[in-house]
1. Where does each of 56, 17 land when they are ranked from fewest to most other beta-carbon atoms within 10 angstrom?
2. Taking 22 Å as R0, compute the FRET efficiency from the Cβ-Cβ separation of residue 44 and residue 24 and round it to 0.05.
3. Under a plain spin-label model, where a point goes 7 Å from the Cα along Cα-to-Cβ, how far apart in nm are residue 33 and residue 11?
């Protein structure tokens, strides 16, 4: 069972990295699609830390597309995944998103 879990984690990590490559190449929609799959997988595995990280990536990508509403929604979904000390960082991200309007 451990080998299956390790393989799944590696696959998710590869999706996250592919999203980063897409984002850096300017393929923002491709990054969103890839990161959304990774986010769903992390949530399914109850991996709150990585789900929160991917949520921030998604919010950043939505901000790049000037989709403030979706960026805020993604950030709002990440709040329950974070530890209390991480909330400040997310609130700064939301504030930056709102300032962009």
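1. Least to most surrounded, the residues fall as 17, 56.
2. Calculated transfer efficiency: 0.25.
3. So the two model labels end up 1.8 nm from each other.
Quick note: the coordinates plus some simple rules give every number you see, no bench work behind them. Because the structure is predicted, anything quoted here is derived from the model rather than measured. We place every Cβ from the backbone using ideal geometry, glycine too, and count neighbours over all the protein chains shown.
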